[in-house]
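A.B. asks: This is the structure, below, for whatever I ask next.
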Amino acid sequence: MRLENRTAIITGGANGIGRATARRFAAEGARVAVWDMDDEAGLALEHEIGPEHLLYTPVDVSDPDAVEAAAKQAHATWGKIDILINNAGILRDAQFIKVKDGEVLSRMTLKQFDEVINVNLRGIFITTRAIAPYMIRQGYGRIISTSSIVGLYGNFGQTNYVAAKAGIIGLTRVWARELGRFNITANVVAPGFIETDMVGQMPPKVLEMMVQRTPLKRLGKPEEIASVFLFLASDDASFINGAVLCADGGTVVGT
């Protein structure tokens with residue numbers, strides 16, 4: 001019960017890593033607000049955990065008004081907001097410039113770039129901006145954002161995604177400096193290749209390549225990333241601030 005009497009908001013909490021984290025936090029005693037755009041999965045999770053421990057709210061993190069309203073609702077429901085897990089994200093993969101036989105075939109579109117930046121980076125800015133004042137007033141907070149190991153070393157076909165994930169690390173280091181005096185820590189988790197529905201839709205050859213690039217020779221499980229979030233959200237990590245914790249099976253080391 002490491003999160004007993006704590007309240008947490010988890011964006012992108014209806015599926016994958018976010019879902020595993022919501023389950024783990026609730027099991028550890030937290031009251032959890034899950035923000036997502038997948039109503040079916042979100043409501044199913046609320047029914048599974050029980051509305052006294054977990055509430056699902058449909059929230060587009062790129063919409064400032066929706067985020068502010070949901071933050072106000074969460075605070076009114078539970079009287080405080082202790083933990084923010086910035087986990088919402090999308091993919092719009094494409095080569096920056098695709099060339100064949102010396103001819104340019106395509107370029108990443110502005111729409112593809114903007115959609116990913118709006119959710120994966122701007123959305124974290126909007127959400128943290130809405131939640132931080134509650135934490136400041138209560139003199140306590142844990143802000144934990146999901147980056148990726150590709151934000152550290154890049155990845156083919158992911159100019160937009162990598163830019164967002166690298167930006168998250170920069171934002172977090174600023175917040176660690178600015179908010180630390182209010183007893184608020186800000187940290188980043190950088191997962192490697194994890195067994196999620198999105199990853200499971202990739203071609204078998206790509207999945208095998210991911211496994212081979214990981215020294216542990218397997219994909220990670222969402223529950224393993226949830227354990228990292230739990231550690232950083234708990235009092236065990238009270239002096240960790242501005243850190244980037246890779247949970248990647250050693251992929252960065254092996255790159």
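The values are calculated or read from the model by the stated rules, or taken from the named source; none is laboratory data. As the structure is a computational prediction, the values presented were derived from the model and not from experiment. Cβ atoms come from the backbone with ideal geometry, glycine included; neighbour counts cover every protein chain shown.
A.B. asks: When you scan the stretch 133-146, do you find a residue that is hydroxyl-bearing (Ser, Thr, Tyr), touching a Pro at 6+ places or on another chain (Cβ under 9 Å), closer than 29 Å to Gly250 by Cα and modelled with pLDDT of 95 or more, even just one?
C.D. replies: The answer is yes; a qualifying residue exists.
A.B. asks: Go over the candidates Pro58, Pro51 one by one and state the one that is free of Cβ contacts under 8 Å to residues at least 24 places away in the same chain and farther than 26 Å from Val116 by Cα.
C.D. replies: Only one candidate qualifies: Pro51.
A.B. asks: Here is a further query. What number of residues in the stretch 69-104 are assigned to a loop (DSSP other than H, G, I, E, B), surrounded by fewer than 17 Cβ atoms within 10 Å (Cβ to Cβ) and acidic (Asp, Glu)?
C.D. replies: Going through the stretch 69-104 one residue at a time, the tally reaches 2.
A.B. asks: Further question: Given the condition among the hydroxyl-bearing types (Ser, Thr, Tyr), more than 21 Å from Ile168 (Cβ to Cβ) and without any contact (Cβ under 8 Å) to a residue 60 or more places away in the chain, answer yes or no: does some residue in the stretch 100-110 qualify?
C.D. replies: Yes.
A.B. asks: Let me ask something else. State the number of residues belonging to the stretch 105-143 that are over 22 Å from Ala233 (Cβ atoms), of a type in the set (Val, Ile, Thr) and assigned to a helix (DSSP H, G or I).
C.D. replies: Number of matching residues: 3.
A.B. asks: Ok, one more. Looking at (1) assigned to a loop (DSSP other than H, G, I, E, B); (2) under 23 Å from Gly89 (Cβ atoms); (3) out of contact with any Lys or Arg (no Cβ under 7 Å at 6 or more places or on another chain); (4) not polar (S, T, N, Q), can you tell me which one Met209 breaks?
C.D. replies: It fails just one condition, (1).
A.B. asks: Given the conditions (1) without any contact (Cβ under 8 Å) to a residue 40 or more places away in the chain; (2) over 14 Å from the mean Cα position of the chain (by Cα), which single one is not true for Leu179?
C.D. replies: Unmet condition: (1).
A.B. asks: Only one of (1) modelled with pLDDT of 95 or more; (2) over 28 Å from Val174 (Cβ atoms) is not met by Gly250, so which one is it?
C.D. replies: Of everything listed in (1) modelled with pLDDT of 95 or more; (2) over 28 Å from Val174 (Cβ atoms), Gly250 misses just condition (1).
A.B. asks: Looking only at strands (runs of 3 or more DSSP E) that fall completely inside the stretch 1-67, which ones have 2 or more residues that are within 13 Å of Leu84 (Cβ to Cβ) and in contact with a Leu (Cβ under 9 Å, 6 or more places away or on another chain)?
C.D. replies: 7-11, 31-36
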